[in-house]
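Below are the structure tokens for one structure; questions will follow.
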């Protein structure tokens with residue numbers, strides 16, 4: 001089931017200057033493309049298997065495994081292993097910590113976009 005992320009959890013930071021010093025640090029763990037893909041896919045689904053994620057992200061077993069392990073070590077995702085018949089099954093889910101981290105990351109990116117685009121003045125039509 002897809003779940004919408006609540007942006008009310010943490011307001012987007014307001015950036016007044018566009019200098020590097022004015023831009024707060026963002027979550028580099030999530031910012032990496034493969035990890036952002038994993039977290040985003042899990043935010044839209046209750047859980048996904050290793051093979052589902054591998055197919056969605058078009059990545060290799062080793063690449064997915066390394067990135068998923070980093071997210072799991074940070075507490076952003078959970079991993080459960082079981083067997084279906086004789087075949088191993090690895091399933092991932094986004095933790096509440098991971099969901100909060102993703103919301104914060106998205107709010108930060110929205111603030112950056114807002115700060116970097118010139119303010120458009122309303123023009124009479």
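No lab work stands behind these numbers, since they all come straight from the coordinates. From a predicted model like this one, the values you see are computed outputs, not experimental measurements. Backbone-built Cβ (ideal geometry, glycine too); neighbour counts: all protein chains shown.
Would you mind calculating the gained length between residue 81 and residue 46 on full extension (0.36 nm times residue separation, minus the Cα-Cα distance), in nm to one decimal?
Gain on stretching residue 81 to residue 46: 11.0 nm.
Taking the inverse of the average 1/r across all pairs of different Cα atoms in the range 26-96, what Kirkwood radius in Å do you get?
With all distinct Cα pairs of the range 26-96 included, I get 12.2 Å.
Another question about this same structure. Roughly what would the spin-label model give for residue 74 and residue 93, points 7 Å off Cα along C-beta, in nm?
Modelled inter-label distance: 2.1 nm.
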